[in-house]
Amino acid sequence: AFSCFPFTGIVTMVMSTSLTGRPELWAAASALLLGTALNLALAWSERRGRRIAEAEAQEQRAAAERQTKLREEERKGRIRAELQLREGGSGAANAEVEAGEKSSPGFVFHAIGTFKSCYRNRCGTPRQGGIVSESLAVLQCARDLNPKAALEGFEGYSHCWVLYVFHLNTNLQREGRTIAKRRQQTKGRVPLWQGLCMKVAPPRAADRDLRVGVLSCRTPHRPNPVGLSLARIVSVDAAKGEVVLAGLDVVDGTPCLDLKPYLPSFESIPDALVPGWVQASHEEPMMEVTWNLEALEELNSLLTGSSGNKQARIPLAPFGSQAELRRALEGTLALDIRSPLQRERHANPGGSSETPFFVGDLWFHELHVTYALLPRAAGSDQESEEHRATAAVQIQHVSSRQQGQEEKNEEGAVEELIPEASEDKV
């Protein structure tokens, strides 16, 4: 303390000279002086600490202000970039204005993940979500989404809405080619959605001449190719960024735009009305699915890796058991997955016979399945004709996807598929 305050040392030397020979006064004066020195030292230390704390706080405030300014500049830059993208996507196509009408700008969306579905091709994918409740699809979330945070609490719901992109639509390329040609015109504006038919024929309607507006049905060929389906949540692994959904009608590789929890108290409307052709499609009877002995043995061999099997064992996941996979496969084939053109070319001859009137194939999970349709007599004493299917499905051959592709390359397709027609939904 004395070394910190030289003045105190000088006073001490003066006192020692004047109080020589008076020890009691000297002791009292020394104690008083020592206490004063300690108080001064503490006050100086506290003041110095406050100055340091104030300097650190000021530095932290400055750093926070710098970060806020950087975030604001980044946000403004991102907005400018999005505006430039919008102008680049729609402004070039709509540079000319007709009758003073301006086109609205587009929007930029990024997929939050990609689906790995048991449906490998468009042909065979259910026309609606929930028809094959046992089918499974796994959403692998994008890393940038931070799925561990984004999926927190999602497991508390049983169902969710899924927004996704019809990324395999054939009309997208056709529309792009049409717009590219019309951009060469020198006058007038280029309308959006060129090459897209705004009226379609519902593939499941009994009246083959029926045409409805594109917004009055669930066709994937839409002005904006966005799909919406209701799915059951099977499991959520936030750490891995994986969500397993059941009953979803998406093809493998489908980009997912969003997941929204299903709220039955607000979104369930039992007395909602639909047109007659939609109700008739819903009431279409399911076909019976059977296995011949050879196909069943092939499936067991592929799933169990039994001895003598030349093909590698295929994984079950995301299915939990062989029974679950079989139910999903049988539920898919029971729908009559043929396209409208295939149904017209290979009509049911009627009656009952073990001679197939159509042979087709399905790429499902890690399997390539060959099946046949057999005519069955409709109606009985217990069942009316409209409540019983007039055909049955028999699964004839099962192989791995790899072997199935090799067989396709060597022998050709069993039946010509019409992908664009088979993709249409109600």
In the stretch 202-218, which residues are open to solvent by less than 60 Å² (accessible area, probe 1.4 Å) and either at pLDDT 90 or above or outside any loop (DSSP other than H, G, I, E, B) (or both)?
210, 212, 213, 214, 217
Out of everything in the stretch 274-291 that is at pLDDT below 95 and either part of a loop (DSSP other than H, G, I, E, B) or in contact with a Leu (Cβ under 8 Å, 6 or more places away or on another chain) (or both), what residue ends up being least open to solvent (accessible area, probe 1.4 Å)?
287
If I go through the stretch 248-277 residue by residue, how many of them are of a type in the set (Val, Ile, Thr) and under 21 Å from residue 158 (Cβ atoms)?
2
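Rundown of residues vs (1) out of contact with any Lys or Arg (no Cβ under 9 Å at 6 or more places or on another chain); (2) charged (D, E, K, R), yes/no style:
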| site | (1), (2) |
| --- | --- |
| 265 | yes, no |
| 275 | yes, no |
| 287 | no, no |
| 290 | yes, no |
| 294 | yes, yes |
May I ask you to verify whether residue 73 is assigned to a helix (DSSP H, G or I), acidic (Asp, Glu), at pLDDT 80 or above and over 30 Å from residue 193 (Cα atoms)?
no
List every residue pair whose Cβ atoms sit under 6 Å apart, with the two residues 6 or more apart in sequence or on different chains, where the first one lies in the stretch 246-263 and is touching a residue at least 60 places away in the same chain (Cβ under 8 Å) and among the hydroxyl-bearing types (Ser, Thr, Tyr) and the second, anywhere, is open to solvent by less than 30 Å² (accessible area, probe 1.4 Å) and not in a loop (DSSP other than H, G, I, E, B).
254/115; 254/164; 262/160
Test residue 310 against the criterion of being modelled with pLDDT under 90, open to solvent by 60 Å² or more (accessible area, probe 1.4 Å) and over 27 Å from residue 217 (Cα atoms), and give yes or no.
yes
Can you confirm whether the stretch 179-200 contains a residue that is among the aromatic types (Phe, Trp, Tyr) and open to solvent by 50 Å² or more (accessible area, probe 1.4 Å)?
yes
Subset of the stretch 384-426 [surrounded by 18 or more Cβ atoms within 10 Å (Cβ to Cβ), of a type in the set (D, E, K, R) and at pLDDT 50 or above]
425
Within the stretch 125-167, residues in contact with a helix residue (DSSP H, G or I) (Cβ under 6 Å, 6 or more places away or on another chain), under 17 Å from residue 229 (Cα atoms) and open to solvent by less than 50 Å² (accessible area, probe 1.4 Å) come out as 132, 135
Any residue in the stretch 362-375 that's within 17 Å of residue 316 (Cβ to Cβ) and among the β-branched types (Val, Ile, Thr): show its pairings with residues that are assigned to a strand (DSSP E or B) and open to solvent by 10 Å² or more (accessible area, probe 1.4 Å) at Cβ separation under 9 Å, as long as the two are six or more apart or on different chains.
369/363; 369/396; 369/397
Scan the stretch 245-266 and tell me whether some residue there is polar (S, T, N, Q) and within 14 Å of residue 163 (Cα to Cα).
yes
Only one of 345, 338 is among the basic types (Lys, Arg) and in contact (Cβ under 8 Å) with a residue 12 or more places away in the chain, namely 338
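The values are calculated or read from the model by the stated rules, or taken from the named source; none is laboratory data. Every value quoted in this text rests on a predicted model; they were computed, and no experiment measured them. Virtual Cβ from ideal backbone geometry, glycine too; neighbours counted across all protein chains shown. Note: accessible area is taken over every heavy atom of the protein model, side chains too, but ligands, DNA and RNA are not part of it. Shrake-Rupley method; radii C 1.70, N 1.55, O 1.52, S 1.80 Å.
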